[in-house]
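Only one structure is covered here, and it is reproduced in the block below.
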Amino acid sequence: MKLPRFWWLPAGPVPEISPQEFSNWLNNGKAVQVLDARTALEYQQGTIGKAQHAPLTDMPGSMESLELDSSRVVVVLCLTGHRSIPGTRWLRARGYQAYSLQGGVTAWKRAGFQLEKPATR
């Protein structure tokens, strides 16, 4: 899949997953990789599960530095679901089965789910 010229725009269709379905995946042990496309400050304030930090502002370099398993699903998250769209698009163009978290961390918290402090390096 070739990326559109303006792949980084936070609009356009990409596959999404609802907070409820994503929570079910995590609770049922689905082999999923989580990428947090928010800023470092937002990420440090709390993220979902064992999310890797891949800020959209540093793309595509932030994505290329990650060690992702192409056989596993990837869920990309951000604050409201806008920054995760380009990240999802970028990953899908490289053959990953990627989804954007619908409504982002805001929708996740609104649905009653908690954030976790990321592990320090």
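Coordinate-derived values only; no laboratory data. Everything numeric in this text was worked out from a predicted model, so none of it was measured. Every residue, glycine among them, receives a Cβ derived from its backbone with ideal geometry; neighbour counts consider all protein chains shown.
Points to keep in mind about this one:
- Here the extension length gained between Gln20 and Gln114 equals 32.6 nm, from 0.36 nm per residue of separation less the Cα-Cα distance.
- Here's the picture: charge each Lys and Arg Cβ at +1 and each Asp and Glu Cβ at -1 in segment 29-121, and of Thr80, Pro118, Leu56 the one pushed furthest to the positive end of that dipole is Thr80.
- In nm, spacing of pseudo-spin labels at Thr80 and Lys30 (7 Å Cα→C-beta vector): 2.6 nm
- Value of relative contact order over segment 16-110, rounded to a whole percent, pairs C-alpha under 8 Å and six or more apart: 32 percent
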